[in-house]
Amino acid sequence: MKFLAEEIEAYSEAHTEDENELLKSLNRETHANVLNPRMLSGHLQGRFLSMISRMLRPEKILEIGTYTGYSALCLCEGLQPNGKLITIDINEELETLTRRYFSQSNFLYQIDYRIGNALDIIPTLQDTFDIVFMDADKINYVSYFNLCLDKVRPGGFILADNVLWSGKVFDKELKKIDKDTQALMDFNRMVHEDSRVSNLLLPIRDGLMMLQKL
């Protein structure tokens, strides 16, 4: 999952704006008590998401895949005062933990947290979004992209996490390509060839695809 030498990653984090205390607490609790804590965006990627949001000053953000809420809180840092973030997750077991951290933040009344299947919820949304952040089941990335593109304003962004998939998407030594890896390979190829978006794949953490709607 990590593509940079540990020393480079540590140096990068040491010279990046620090997490606030709430995010530090959420980071610690997720790693201590929740399965698969590497799903958390973490310090470096979290600060990247925050900076993108602060640059764009969005009114509406859609997040697909809440997990414990770390990335949602980072994205909220750039919201306009009347802005809103809708975040969707299918895992109701994490709802209590996630809502507790949302309630401790300055963004409680700007976050619309929904439990359910994003494939069912997204078509019901009437909003036009400035940013969409995809960090859910990889098998449906193509479907999420197709559902969301018309809901993104021209010039807006879709960000997709985990697009390098621990290097599996380019590992020629793999004897068998699993469904998630194939789905991400298909997604990366599709958006690269889609004339409706401009794309940039960044080797941040596990790979972050940035797409701007043209």
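The values are calculated or read from the model by the stated rules, or taken from the named source; none is laboratory data. Note that the coordinates shown come from a computational prediction; the quantities given were computed from them, not determined experimentally. Don't worry about glycine lacking a Cβ; one is built from the backbone with ideal geometry, like all the others, and counts go over all protein chains shown. We work out accessible area using only protein heavy atoms, side chains counted, and drop any ligands, DNA or RNA first. Shrake-Rupley method; radii C 1.70, N 1.55, O 1.52, S 1.80 Å.
The residues of the stretch 1-103 expose on average 51 square angstrom of accessible surface per residue, using a 1.4 Å probe on protein heavy atoms. Among Thr16, Thr87, the sequence by solvent-accessible area, most first, with a 1.4 Å probe is Thr16, Thr87. Extending 7 Å from Cα along the Cβ direction at Asp178 and again at Ser166 yields two label points whose distance is 0.6 nm.
Between Thr16 and Gln80, what FRET efficiency comes out of the Förster formula 1/(1 + (r/R0)^6) with R0 = 35 Å and r the beta carbon distance, rounded to 0.05? Walk me through the intermediate numbers first.
Working: r = 24 Å, r/R0 = 0.70.
Step by step, r from the Cβ atoms, then E = 0.90.
In what order, largest first, do Ser12, Ser103, Ser50 sit by accessible area if the probe radius is 1.4 Å? Write down the numbers at each step before the final one.
On the way: Ser12 35, Ser103 65, Ser50 0 Å².
Solvent-accessible surface, decreasing: Ser103, Ser12, Ser50.
If I stretch the segment between Asn106 and Asn36 completely, what's the gain in nm (0.36 nm per residue apart, minus their alpha carbon distance), one decimal?
Details: separation 70, 0.36 × 70 = 25.20 nm, distance 2.68 nm.
So the chain would gain 22.5 nm between Asn106 and Asn36.
Computed extension length for Asp194-Asn146: 16.2 nm, one decimal, from 0.36 nm per residue of separation with the Cα-Cα distance subtracted.
The Cα atoms of the stretch 1-58 give a gyration tensor whose axes a ≥ b ≥ c have a/c of 1.5 or more with a/b no greater than b/c, which makes the shape oblate. Sparsely packed loop sites in the stretch 85-186 (the trypsin sites (Lys or Arg not before Pro) outside DSSP H, G, I, E and B with at most 14 other Cβ atoms within 10 Å) comprise Lys172, Lys175, Lys176.
For the chain, the number of Lys pairs separated by eight or more positions or lying on different chains, with C-alpha atoms closer than 15 Å, is 9. Just to be sure I understand, if you calculate semi-axes √(5λ) of the Cα gyration tensor in Å for this structure, which of (1) 24, 22, 17; (2) 31, 20, 14; (3) 34, 18, 16 do you get? Here semi-axes √(5λ) of the Cα gyration tensor in Å agrees with entry (1).
Determine the share of the stretch 48-96's accessible area contributed by carbon and sulfur atoms, expressed in whole percent, with a 1.4 angstrom probe. Percent of accessible area from carbon and sulfur atoms in the stretch 48-96: 51.
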